[in-house]
Protein chains: 2
Amino acid sequence: MSRVRARQVISIDGYAAGPRQSLEHPFGEGGLRLPQWQLQTDRPGRENDAQVLAESVENVGAYVMGRNMFGPVRGPWSSWDGEWRGWWGEEPPYHAPVFVLTHHEREPLEMDGGTTFHFVTDGLLAALALARDAAATADVCVAGGVSTIRQALSAGVLDELTLHVVPLVLGEGERTFEGLAGLELEPDRVLASPTVTHLRYRFP
Amino acid sequence: MSRVRARQVISIDGYAAGPRQSLEHPFGEGGLRLPQWQLQTDRPGRENDAQVLAESVENVGAYVMGRNMFGPVRGPWSSWDGEWRGWWGEEPPYHAPVFVLTHHEREPLEMDGGTTFHFVTDGLLAALALARDAAATADVCVAGGVSTIRQALSAGVLDELTLHVVPLVLGEGERTFEGLAGLELEPDRVLASPTVTHLRYRFP
């Protein structure tokens, strides 16, 4: 049974990114510390982090991604000097179709290693429908960023959300749960290491 | 070795209380859901919750508490109609000296079951010193509310903080980590149940 999963790294005070995302600050100012837990997970004591990271790509047949996660380009793609091809170089770590939400049409972008970026101008639900088709019986992952996961939470389309809680107070930035008062989740599983705590939730 | 511990229930979006605390809303508006995890912990599947709750009072020799946690009285104690004796009736659940932060002097208030409320007008550090003396080799617990725990975090006086994360988006209220950008914690232990997730941190 195909499921829709999302995961997000957040600071202990609930920020998934710092403020003022830009080419120099892909995670916003001060936010670079957030994704660092994904490095060096082969070190002793970090077995749970390695497991969670491995699971995050297991059985994922397609991704949905917001424009801000794909890159710093705002407005028409042609406004960028050259061709923006994502943050990840020529072989992105997705190895599957990735449906990027945008207001500006663009031809699909085929990368090395099986990743193709498809640009969807009809909104989250349309992108999810395309991703479900592409994934067939595998899962769909809503990869981020913050506002896309917030939209998915608001629309009630997620089956599972994993929060990677980094033990740092960020102080400002973008909050995962902003504007979602009243939303309830069901604790499903907790895995922890000295570096980060992984809280997995389902939805009632 | 005596340690200073604190614990706080927070919503998944980081609120430890709803807004506008009052006599009718001791946890602020919408906040009553937060402490409810402490009820019915004898039910199946809630063994971890029962354990965490039992530990929270083990080896605690004295408490420090903010004025807002003690009650809804603002300004001089005489401004209250009658004598405010805490939220907990004649036998509060502390069974130990409790040092209440206030700007207004008041004689100690001896309750049943070993709880005495002492009123301290010299601030958090003075209250902590008194509590350490009273606790001797036992621990001191900073019981809350939100702004008192925030002060303790800011002053760097805590050895241990436990967050009881309730899987509900509260949306507004008082944030535990407001104004504490840059603070780092060390994950220490995680215990979970289908109701709530208990994250225990130490300080580097």
(request) Could you tell me whether B:Ala134 is within 8 Å of chain A (Cβ to nearest Cβ), in contact with a Pro (Cβ under 9 Å, 6 or more places away or on another chain), more than 16 Å from B:Ala6 (Cα to Cα) and modelled with pLDDT of 95 or more? (result) no
(request) Determine if region A:164-184 includes at least one residue that is of a type in the set (Phe, Trp, Tyr) and in contact with a helix residue (DSSP H, G or I) (Cβ under 7 Å, 6 or more places away or on another chain). (result) no
(request) Go through region A:47-97 and give me each residue that's in contact with an Asp or Glu (Cβ under 7 Å, 6 or more places away or on another chain), in a loop (DSSP other than H, G, I, E, B) and over 26 Å from A:Ala126 (Cβ atoms). (result) A:Glu90, A:Glu91
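When the residues of region B:58-82 are narrowed to those that are within 17 Å of the chain's Cα centre (by Cα) and among the charged types (D, E, K, R), which ends up surrounded by the fewest Cβ atoms within 10 Å (Cβ to Cβ)? Give the steps one after another, and end with the answer.
Step one: of region B:58-82, the residues within 17 Å of the chain's Cα centre (by Cα) are B:58-72.
Among the residues that remain, those that are also among the charged types (D, E, K, R) are: B:58, B:67.
On the way: B:Glu58: 8, B:Arg67: 19.
The extreme case among them is B:Glu58.
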(message) If B:Leu125 satisfies all but one of (1) among the aliphatic types (A, V, I, L, M); (2) free of Cβ contacts under 8 Å to residues at least 40 places away in the same chain; (3) away from chain A (no Cβ under 14 Å); (4) part of a strand (DSSP E or B), what's the number of the condition it fails?
(response) (4)
(request) Scan region B:15-38 residue by residue and report those that are in a loop (DSSP other than H, G, I, E, B) and not acidic (Asp, Glu). (result) B:Gly18, B:Pro19, B:Arg20, B:Gln21, B:Ser22, B:Leu23, B:His25, B:Pro26, B:Phe27, B:Gly28, B:Gly30
(request) Please work out which one of (1) touching a Pro at 6+ places or on another chain (Cβ under 6 Å); (2) of a type in the set (Gly, Ala, Ser); (3) crowded, with 16+ Cβ neighbours inside 10 Å is the condition B:Ala16 fails and give its number. (result) (1)
(request) Could you please tell me which pairs satisfy a Cβ distance under 7 Å, a separation of 6+ or placement on different chains, a first residue in region B:92-105 that is in contact (Cβ under 8 Å) with a residue 60 or more places away in the chain, and a second residue that is of a type in the set (S, T, N, Q)? (result) none
(message) Looking at B:Thr176, B:Thr162 in this structure, which one is buried (at least 21 other Cβ atoms within 10 Å of the Cβ), of a type outside the set (A, V, I, L, M) and in contact (Cβ under 8 Å) with a residue 40 or more places away in the chain?
(response) B:Thr176
(request) Provide a single number: the residues in region A:85-105 that are buried (at least 17 other Cβ atoms within 10 Å of the Cβ) and more than 15 Å from A:Val142 (Cα to Cα). (result) 2
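With region B:140-204 as the region, which strands (runs of 3 or more DSSP E) entirely inside it contain at least 2 residues that are at the interface with chain A (Cβ under 7 Å from one of its Cβ atoms) and closer than 25 Å to B:Arg33 by Cα?
Details: elements: B:160-166, B:186-192, B:197-202.
Output list reads B:186-192, B:197-202.
Using the structure shown, decide if A:Val169 is touching a residue at least 40 places away in the same chain (Cβ under 8 Å), β-branched (Val, Ile, Thr) and out of contact with any Gly (no Cβ under 9 Å at 6 or more places or on another chain). Give the steps one after another, and end with the answer.
Values: touching a residue at least 40 places away in the same chain (Cβ under 8 Å): yes; β-branched (Val, Ile, Thr): yes; out of contact with any Gly (no Cβ under 9 Å at 6 or more places or on another chain): no.
Criteria not met by A:Val169.
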(message) Residue pairs, Cβ under 7 Å, 6 or more apart or interchain, first in region B:10-27 and away from every other protein chain (no Cβ under 11 Å), second surrounded by 21 or more Cβ atoms within 10 Å (Cβ to Cβ) and among the β-branched types (Val, Ile, Thr). List them.
(response) B:Ala16/B:Val9; B:Ala16/B:Ile10; B:Ala16/B:Val146; B:Ala16/B:Thr176; B:Ala17/B:Val146
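The values are calculated or read from the model by the stated rules, or taken from the named source; none is laboratory data. Here the structure is a predicted model, which means the values were calculated and not measured. FYI the Cβ positions are ideal-geometry reconstructions off the backbone, even for glycines, and counts take in every protein chain you see.
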